[in-house]
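**Student:** The structure's right below; bear with me while I get my questions together.
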Amino acid sequence: MPSDISPPFAAPTAEPASTLRLQFRRFRKNRLAMASVYLLTLIVLMCFFGPMFFPFTGEDADFDNIGAPVNLFSIHPFGTDDYGRDLFIRVLEGGQVSLTIGFLGALVAGGIGVLYGAAAGYVGGRLDGFMMRLVEVLYGFPYVILVILLSLLFGGGTVSLFAAIVFTLWLTPAVIVRAQAQSLAQREFIQAARAGGMTGGRIVLQHIVPNCVSVVIVYGSLLVPEVILSESFLSFLGIGVKEPQASWGNLIQVGTSAMSTDLRLLLLPGGLLATVLFCLNFIADGLRDAFDPNDR
Amino acid sequence: MKMKGIGLLLASAALSFGLGGAAMADGVLDRGMGSEWSTLDPHVVFDGATGWILMDAYEGLINFGPGGTIVPGAAERWESSEDGLTHTFHLREGLKWSNGEPLVAQDFVNAVSRTLNPDTISEKGYYFYSTVSITGAAALANGETTDVSTLGVTAPDDRTVVITLDNPAPHLLYLMGAFQMSPVHSPSLEASGTAAFGDPTKVVTNGAYAIKEVVPQSHILLEKNPNYWDAANVSIEKVKYYVTEDVATELKRFQAGELDITYDIPVNQIEALKAEIPDQVMIAPSTYVSFYSFNLTKPEFQDINVRTALAWAINREVLQEKIVKGGATPSYAFAGGVDPEYNGPQMPGFELSQEEREAKAKELMAAAGFGPDNPLKINVVTTVAEDRMRIAQGVALMWKQVLGVETDIRGMERKAWLDEFYTTNWDVFSDGLIGDFAGAETFLSYMRPSAEPGYNWVSPEYDAAMDVAGTKADKASRDVELAKAEKILLDDMTLAPIAVEPMRALVSTKVNGWIPSATGYYNSQYLRLE
């Protein structure tokens, strides 16, 4: 009786995968997250390289074409603003500022937070208590007032805005990493490292921080949209990036004042900001699912 | 009325929440006033919007009726001597302060001496020694004497004020209103000092209204003064002046019926509003000139080439017609443009086309040592009013495009902007002046170094030319001399003329009696509510 007998053992086709690779494989299966990655990359490339294809910058006015309407085949594809500056270029240049502050701010705030939290969690005891109380005190300050005070202290402008954002946003990663570090500090491999004579600083950098990395990546990816939103919000209120330098926040502010007459000035920067924020949040979502399947 | 400044809007920290409430049909006239009042001291106030409150609360020897015409005020009649040097004002019988005390001629004499007293720190003293030259006023102002009996303003009896001039002044009456000359209620000033003016429980006024409520960053409430001589003809019981920092918010409040008269109109809404509510959009000529002053204490601005280049690189037609779009008339002169009879000079380079001016401006800038490798970096200090910001941004873009100048625009609230003028922090000042009357002299007398030392401009030739103009009694020959003085001013390029501004406001159909006034006087006592 003929029968199909399948081989008893399927030959191992895939090589053993590391945790990280498994995680990225899971991430890649998330279509929404992957689409967001492509779209975000496109927007970032457009913001940084797009303006090079135009013979003028966002601070050059074309007084013959003030308030030009959308005309995709003219030199000003999305028209110009009330001063004859090309709207598309201004939005792209505003994107450069917003995205740079967003990623750089998240990186710096995350970096400070991770080191601070890891140190506090590892050392424990009184120092930990003191460091965490300090974080709580800083949490207690009203955010907007703190930003206004800091921008007065730094004299306004992009640098002070950046400082203010970092100053207020490093707190949450510090708390999250500190909790992680506290549990890690009791684990055997840390005790082994300590018994082996590693100094506290090296243990924090070589063992604690790398073991927190998945939490940090997930949280950090949520931090980026938060920073971008803060920047736009503060620039919208007029205490962030100042004219003539563009950022999405102050472009939207100009757009809202002309809302009833010319919606274009609001829709272009507003739409781009919303798209970027959606993308970043989908990516963060995808990362969280990939790194921590239990958490779904 | 000399008004330096007109400012509003700060999208940021300006927290003026709408405390409007229902304003409809409650007998209260609700008026927007832009930024907060700078001060309520009537002898110090120098900004136009606060001037409106002042005109309602106080009354000078004369008053400005509907359309800004001169009508008898505290004085019922007046006469002038043949030579035009002595003017006698006869006060009405039974004039009273708002607290019922009698108002006497000496109160007006005290007003002039208080304004001139250097301790008062008032910018308005120049009215009395530069715009008109009252005998002894200059000596009191510069501290040569403190003896007020040397002043040419006297009160021979309780109902007569006599003003003696060194030179004839055909425009004297325009300076006898409340903005320039509010009487002083000496008992309250002695009792509480200058704090009395801003405190509703202490302030005593003599105008159609009394100050009842002062809420910083919110509003000032005026109530009809029963002791005013013409109270029977004051129709509106209460007037409320609201701080309306942001012009877009002000428009919304007007549309919601919270305001009856606005301070300004958002410039990008003018066309739409004209189509929608044409009978409520009021745009009228005014005596408000705007110009950019250069800080002559800064080394780069001591070079006339730099000043000329900056003045020439501004394309005034494009600025007004395409960028600001607020209905202002581009101007190339300082004092011309409000009086058709005055035939004044234009800025040097006026005869060239804009292209030629821009080409020459580039050469001048290069001659001054600035170029692409060494760009000039300057700041512009302006109020945050929408139209002021548009001018500043437009000018900055033109400077960048034509000359490669990098401009930092520093917008501030009206009060801060007024104070900033007396610091040395600014390079270019977004300046403005509202003439007290539609003539060249109101502007030119302000530019005398003795009248406004803040410009740091020293020109004996200008002073001499103004002195010559002051001696002419008839307007035509006076204007000829004034034009010579203006030429000296314009040739020195200490300022870049920008425009002659219109008066813009939204006036509800409920308000009757709103007649355009070139000098910006719209006293509430002549308005009626339906």
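The values are calculated or read from the model by the stated rules, or taken from the named source; none is laboratory data. Not measured: the values here are computed from a predicted model. Don't worry about glycine lacking a Cβ; one is built from the backbone with ideal geometry, like all the others, and counts go over all protein chains shown. These area figures cover heavy atoms from the full protein model, side chains too; ligands, DNA and RNA do not enter into them. Shrake-Rupley method; radii C 1.70, N 1.55, O 1.52, S 1.80 Å.
**Student:** Calculate the translational D of region B:285-502 in whole µm² s⁻¹ from Stokes-Einstein, where the hydrodynamic radius comes from the Kirkwood formula applied to all Cα pairs, the temperature is 25 °C and the viscosity 0.890 mPa s. Intermediate results must be reported in sequence, preceding the final value.
**Tutor:** Details: Rh = 17.6 Å.
The estimated diffusion coefficient comes to 140 µm²/s.
**Student:** When only C-alpha pairs under 8 Å and at least 6 residues apart count, what is the relative contact order of chain B, in percent?
**Tutor:** Values: 1170 pairs, mean separation 126.0, N = 530.
It rounds to 24 percent for chain B.
**Student:** I need the peptides B:168-178, B:439-449 ranked by packing, meaning the mean over residues of other C-beta atoms within 10 angstrom, with the highest value on top.
**Tutor:** On the way: B:168-178: 22.0, B:439-449: 24.6.
So the peptides B:168-178, B:439-449, ranked by packing, come out B:439-449, B:168-178.
**Student:** For region B:201-217, take each phi angle, set θ = phi - 60°, evaluate the Karplus expression 6.51 cos²θ - 1.76 cosθ + 1.60, and give the result in whole Hz per residue in order, putting x for glycine and proline.
**Tutor:** 7, 10, 5, 10, 10, 10, x, 5, 10, 10, 7, 10, 8, 10, 10, x, 6
**Student:** Based on alpha-carbon atoms only, what is the radius of gyration of region B:357-397 relative to the globular estimate 2.2 N^0.38 Å?
**Tutor:** Working: Rg = 13.1 Å, N = 41, 2.2 N^0.38 = 9.0 Å.
Dividing the Cα radius of gyration by 2.2 N^0.38 Å gives 1.46.
**Student:** If I take the Cα coordinates of region B:134-193 and project them onto the principal axes, what are the three extents in Å, biggest first?
**Tutor:** Sorted largest first, the three principal extents are 38, 27, 24 Å.
**Student:** Using a loss threshold of 50 Å², tell me which positions in region B:398-422 are less accessible in the complex than in their chain alone. Probe radius 1.4 Å, ligands and nucleic acids ignored.
**Tutor:** Residues shielded by partner chains are B:K400, B:Q401.
**Student:** Here's another thing I want to ask about it. Give me the orientation-averaged projected area of the Cα convex hull of region B:208-334, in nm², one decimal.
**Tutor:** Details: hull surface 49.4 nm².
That works out to 12.3 nm².
**Student:** Could you pull out every residue, at least 5 positions away or on a different chain, whose amide H is within less than 5 Å of the one on B:G177? Hs are placed 1.01 Å off N in the peptide plane, and Pro or chain starts have none.
**Tutor:** B:I62
**Student:** Over all pairs of distinct alpha carbons, what does the Kirkwood formula give as the hydrodynamic radius of the protein assembly as shown, in Å? Please report the intermediate quantities before stating the final value.
**Tutor:** On the way: mean 1/r = 0.0327 Å⁻¹.
So the Kirkwood estimate lands at 30.6 Å.
**Student:** Then there is this: So what J values fall out for region A:144-149 if you push phi through Karplus, 6.51 cos²θ - 1.76 cosθ + 1.60 with θ = phi - 60°, rounded to Hz, Gly and Pro as x?
**Tutor:** Using θ = phi - 60°, the values come out as 5, 5, 4, 5, 4, 4 Hz.
**Student:** Just report the Cα centroid separation between region B:133-212 and region A:253-280, whole Å.
**Tutor:** What the calculation gives is 55 Å, centre to centre.
**Student:** Picking from A:L92, A:Y116, A:M46, whose Cα lies most toward the positive end of the charge dipole for region A:27-125 (charges on Cβ: Lys, Arg +1; Asp, Glu -1)?
**Tutor:** The residue sitting farthest along the positive end of the dipole is A:Y116.
**Student:** For region A:188-296, count all C-alpha to C-alpha pairs, find those more than 18 Å apart, and express that count as a whole percent of the total. Don't skip to the answer; put the middle values down first.
**Tutor:** Details: 3792 of 5886 pairs.
Within region A:188-296, distances greater than 18 Å cover 64 percent of Cα pairs.
**Student:** How high is the relative contact order of region B:285-502, in percent, with contacts defined as C-alpha pairs under 8 Å that are six or more residues apart?
**Tutor:** Working: 379 pairs, mean separation 87.8, N = 218.
Dividing the mean separation by the residue count of region B:285-502 yields 40 percent.
**Student:** Shifting gears a bit: Please report Rg over Rh for region A:48-107, where both radii come from the alpha carbon positions and Rh follows the Kirkwood definition.
**Tutor:** Details: Rg = 12.8 Å, Rh = 12.0 Å.
For region A:48-107, the value is 1.06.
**Student:** Can you list the residues, at least 5 places off or on another chain, whose amide H is less than 5 Å from the amide H of B:L222, using H built in the peptide plane?
**Tutor:** Correct list: B:K212, B:V239, B:K240, B:Y241.
**Student:** Let me ask something else. If you find the alpha carbon centre of region A:40-64 and of region A:83-108, how far apart are they in angstrom?
**Tutor:** So the separation of the two Cα centres works out to 10 Å.
**Student:** Roughly to the nearest percent, how much of the accessible area of region B:285-502 is carbon and sulfur, given a 1.4 Å probe?
**Tutor:** Values: 4130 of 7710 Å².
With neighbouring chains kept in place, the figure for region B:285-502 is 54 percent.
**Student:** According to the square roots a ≥ b ≥ c of the eigenvalues of the Cα gyration tensor, what is the shape class of region B:313-427, taking rounded for a/c under 1.5, prolate for a/b larger than b/c otherwise, and oblate for the remainder?
**Tutor:** Working: a/c = 1.59, a/b = 1.01, b/c = 1.57.
The shape class here is oblate.
**Student:** Could you check the simple spin-label distance between A:F167 and A:F278, using points 7 Å along Cα→Cβ, in nm with one decimal?
**Tutor:** Calculated label separation equals 3.5 nm.
**Student:** Where in region B:266-291 does accessible area fall by at least 20 Å² between the isolated chain and the complete protein assembly, at a 1.4 Å probe radius?
**Tutor:** Checking the loss per residue gives B:N268, B:Q269.
**Student:** If each Cα of chain A is one equal point scatterer, what is log10 of I(q)/I(0) from the Debye formula at q = 0.07, 0.08, 0.15 Å⁻¹?
**Tutor:** -0.38, -0.48, -1.17
**Student:** Among A:L161, A:L134, A:L268, whose mean-square fluctuation peaks in a Gaussian network model of chain A (Cα, cutoff 10 Å)?
**Tutor:** In the Gaussian network model the winner is A:L134.
**Student:** Right, here's the next one. What nm value, rounded to one decimal, do you get for the distance between A:F48 and A:F154 when each label is placed 7 Å out toward the C-beta?
**Tutor:** For the pair A:F48/A:F154, the computed spacing is 2.1 nm.
**Student:** Kindly identify region B:97-178 as rounded, prolate or oblate by the Cα gyration tensor criterion: order the square roots of the eigenvalues as a ≥ b ≥ c, call it rounded if a/c is under 1.5, otherwise compare a/b with b/c, prolate if a/b is larger, else oblate. If you can, show how the numbers build up before the last one.
**Tutor:** On the way: a/c = 1.58, a/b = 1.32, b/c = 1.20.
Note, shape of region B:97-178 comes out prolate.
**Student:** Also, I was wondering about something else. Tell me, what is the FRET efficiency for A:F130 and A:V213 to the nearest 0.05, using R0 = 35 angstrom and their Cβ-Cβ distance as r? Each step should come with its number before you reach the end.
**Tutor:** Working: r = 26 Å, r/R0 = 0.75.
Efficiency computed from Cβ-Cβ geometry: 0.85.
**Student:** Over 21 Å apart: what share of the alpha carbon pairs of region B:134-260 falls there, rounded to a whole percent?
**Tutor:** Numbers: 4854 of 8001 pairs.
Every Cα pair in region B:134-260 considered, those over 21 Å come to 61 percent.
**Student:** Kindly report, to the nearest 10 Å², the accessible surface of A:T80 as traced by a 1.4 Å probe over protein heavy atoms only.
**Tutor:** Estimated to the nearest 10 Å², A:T80 gives 0 Å².
**Student:** Can you pull the accessible area of A:L153 for me, 1.4 Å probe, Å² to the nearest 10?
**Tutor:** Roll a 1.4 Å probe over it and A:L153 shows about 130 Å².
**Student:** Still on this model: Send over a whole-number figure in Å² for the accessible area per residue of the protein assembly as shown, probe 1.4 Å.
**Tutor:** Working: 34560 Å² over 826 residues.
That works out to 42 Å² per residue.
**Student:** Another one. Pop out a list of residues from region A:58-78 that are at least 30 Å² less accessible with all the protein chains around than in their chain alone; 1.4 Å probe, no ligands or nucleic acids counted.
**Tutor:** With the partner chains in place, region A:58-78 has these residues losing at least 30 Å²: A:E59, A:A61, A:F63, A:I66.
**Student:** Tell me, what HN-Hα J-couplings in whole Hz come from the Karplus equation 6.51 cos²θ - 1.76 cosθ + 1.60 at θ = phi - 60° for each residue of region A:73-79, using x for Gly and Pro?
**Tutor:** 9, 9, 5, 10, x, 10, x
**Student:** Summing both sides, how much accessible area is buried between A and B? Use a 1.4 Å probe and give Å² to the nearest 100.
**Tutor:** Working: alone 16460 and 19700 Å², together 34560 Å².
For A against B, buried area totals roughly 1600 Å².
**Student:** Comparing A:F73, A:F282, A:F233, which has the greatest mean-square fluctuation in the GNM of chain A with Cα pairs linked when under 10 Å apart?
**Tutor:** Among A:F73, A:F282, A:F233, the largest GNM mean-square fluctuation belongs to A:F73.
**Student:** Add -39500 (n - 2.57) for each DSSP H run of 4 or more in the protein assembly as shown, then divide by its residues: what number comes out at 222 nm, to the nearest 500 deg cm²/dmol?
**Tutor:** Details: 25 runs with 327 residues, N = 826.
Mean residue ellipticity at 222 nm (helix-derived): -12500 deg cm²/dmol.
**Student:** Å³ per residue of the Cα convex hull, for region B:200-254?
**Tutor:** 89 Å³
**Student:** Something else now. Computed over the Cα atoms, what is the radius of gyration of chain B divided by 2.2 N^0.38 Å, N being its residue count?
**Tutor:** On the way: Rg = 22.9 Å, N = 530, 2.2 N^0.38 = 23.9 Å.
Rg over 2.2 N^0.38 Å, computed on Cα atoms: 0.96.
**Student:** Shifting gears a bit: Multiply the residue separation of B:D26 and B:A139 by 0.36 nm, subtract the distance between their alpha-carbon atoms, and state the gained length in nm to one decimal.
**Tutor:** Values: separation 113, 0.36 × 113 = 40.68 nm, distance 5.06 nm.
Full extension of this stretch gives 35.6 nm more.
**Student:** Accessible area, 1.4 Å probe, largest first: how do A:R202, A:R178, A:R28 sort?
**Tutor:** Values: A:R202 125, A:R178 55, A:R28 155 Å².
Largest to smallest exposure gives the sequence A:R28, A:R202, A:R178.
**Student:** Among A:G113, A:G157, A:G95, which one shows the biggest mean-square fluctuation in a GNM of chain A, springs joining Cα atoms closer than 10 Å?
**Tutor:** Highest fluctuation among the options: A:G157.
**Student:** How much accessible area does B:W426 have with a 1.4 Å probe, in Å² rounded to the nearest 10?
**Tutor:** 0 Å²
**Student:** Oh, and also: First compute the accessible area of region A:177-270 with a 1.4 Å probe, then give the percent of it belonging to carbon and sulfur atoms.
**Tutor:** Details: 2630 of 4180 Å².
Carbon and sulfur: 63 percent of the exposed surface of region A:177-270.
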